[in-house]
1. Restricting the stretch 188-225 to residues that are at pLDDT 90 or above and surrounded by fewer than 11 Cβ atoms within 10 Å (Cβ to Cβ), which is farthest from Ile123 (Cα to Cα)?
2. Scan the stretch 73-100 and report the pairs whose first residue is farther than 30 Å from Phe169 by Cα and whose second residue is of a type in the set (D, E, K, R) and outside any loop (DSSP other than H, G, I, E, B), with Cβ atoms within less than 6 Å and a gap of 6+ or a chain change.
3. Restricting to strands (runs of 3 or more DSSP E) lying wholly in the stretch 121-171: which have 2 or more residues that are modelled with pLDDT of 90 or more and closer than 18 Å to Ile205 by Cβ?
Amino acid sequence: MLPMNASVKYVGIVGGILLLSIQPGCVAPPSQSAVSGITGLLVLGLILGAVIMFFIMFYINKFTRRNRKAEVGKESSHTVVESMRRVFKIVFAEGHFNEIYTFEDTKKLFGFIPSTRRALVIIEAKVLVGYDFQKCAWEIDEQNQKVKLLSFPEPEILSIEPDYKYYNFDENIFNLLNREDLGRIQTNGKKQVEVAAMKSHLPRIAADQMRTLLLEVVQSKNWQLENIYKITESEAKVITANK
């Protein structure tokens, strides 16, 4: 197999030989026999050139295909389980948020030349709000068929699944964005989503769902539920496993 550079060299050598062969006919006035000889050389040169170009293109195509086959990506992954435990958490509300986060940081070069770097990030996140039943406390009166709520937790943000899309990077060679900056952008952007979720209607929806569920379960057994007012939709707490 001939590399592309070697093939080009061979074409140049063949072309030079053809020119040297044709040169005598160009210096002196050609005779009829000389004209016939030159015509034959030209035809022969064209045929040889076509054959050479055919083989060159054949080897180039073959070489390219082999390189494409050789370029095979390798991927590997390793999963390590840190811990597992039993939980009793139920999701009662789901929200999807689109937040725009702007990062801006200014430094002074040599103490007086300002250098600013900026980044615009759009965060698309799915937020799940619900309750942790392990934090609930109630009292059961089997004789009177009553369930009395003693304490009930506030709705919690159980999970946030963010997707970051970066736009409009503005930086210079003396003030570049690094991995720490990207990590800080993601952390601050996620906190912004948490604040937006806590101010939304998700906690109220979760509380309404919880009250409806408990009433249906208790009343289906002909029992009574006391202190249902303890289920409140007050400010949700952020408890996420994906921080």
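The values are calculated or read from the model by the stated rules, or taken from the named source; none is laboratory data. Computed from a predicted model, the values in this text were never measured in an experiment. Cβ placement follows ideal geometry from the backbone for every residue including glycine, while neighbour counts extend to all protein chains displayed.
1. Asn222
2. As it stands, the answer is Lys89/Asp132, since those pairs meet every condition given.
3. Answer list for the stretch 121-171: 156-170.
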